[in-house]
Amino acid sequence: MKSLSVTGIVLLALSVLLFYLTSPNFTVNDLQMSHIMGILGGIGIGLIIGGIVGYVSKGSAVKAEQKKKEFKQLQKDKEELEKQAADLAKREAELRSQNQNPQI
């Protein structure tokens with residue numbers, strides 16, 4: 001989002017520079033309705049693009065967080081299964097040792 005803001009500021013500065021280079025004798029008294037409409041149109045387009053980019057980046061962040069949670073849950077499940085497998089192996093070894101050495 002920071003890079004998007006920096007890009008917006010750079011483009012705004014570029015547009016102001018180009019405006020003043022193309023009309024060097026412009027004064028505040030020369031400001032007409034078409035200038036205001038152009039400014040408002042640019043702001044509107046910027047807000048629309050910013051909203052779309054924000055929505056997409058928020059969706060990506062939510063999906064990434066969900067994948068992290070699923071990965072952590074899978075790691076926990078794996079640890080539990082490893083513990084169960086170790087317990088089963090231990091019990092099986094105990095049963096084999098009891099069957100090999102029966103007490104009379």
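Worth a mention:
- Residues located in segment 6-24, provided they are open to solvent by less than 100 Å² (accessible area, probe 1.4 Å) and among the aliphatic types (A, V, I, L, M): VAL6, VAL10, ALA13, LEU14, VAL16, LEU17, LEU18
- For segment 25-53, a residue qualifies if it is open to solvent by 100 Å² or more (accessible area, probe 1.4 Å) and at pLDDT below 80, and the qualifying residues are ASN25, VAL28, ASN29.
- Selection over segment 29-54 of residues that are farther than 15 Å from PHE19 by Cβ and of a type in the set (S, T, N, Q) gives a count of 1.
- Test: residue in segment 26-46 that is of a type outside the set (A, V, I, L, M, F, W, C), touching a residue at least 12 places away in the same chain (Cβ under 8 Å) and assigned to a helix (DSSP H, G or I): yes
- Total residues in segment 54-104, condition over 30 Å from SER3 (Cβ atoms) and assigned to a helix (DSSP H, G or I): 28
- VAL56 vs. criteria out of contact with any Gly (no Cβ under 6 Å at 6 or more places or on another chain), loosely packed, with under 10 Cβ neighbours inside 10 Å and hydrophobic (A, V, I, L, M, F, W, C): no
The values are calculated or read from the model by the stated rules, or taken from the named source; none is laboratory data. Remember, predicted model here, so these are calculated numbers, not experimental data. Cβ atoms come from the backbone with ideal geometry, glycine included; neighbour counts cover every protein chain shown. Remember, those area values only see protein heavy atoms, side chains included, never the ligands or the DNA or RNA. Shrake-Rupley method; radii C 1.70, N 1.55, O 1.52, S 1.80 Å.
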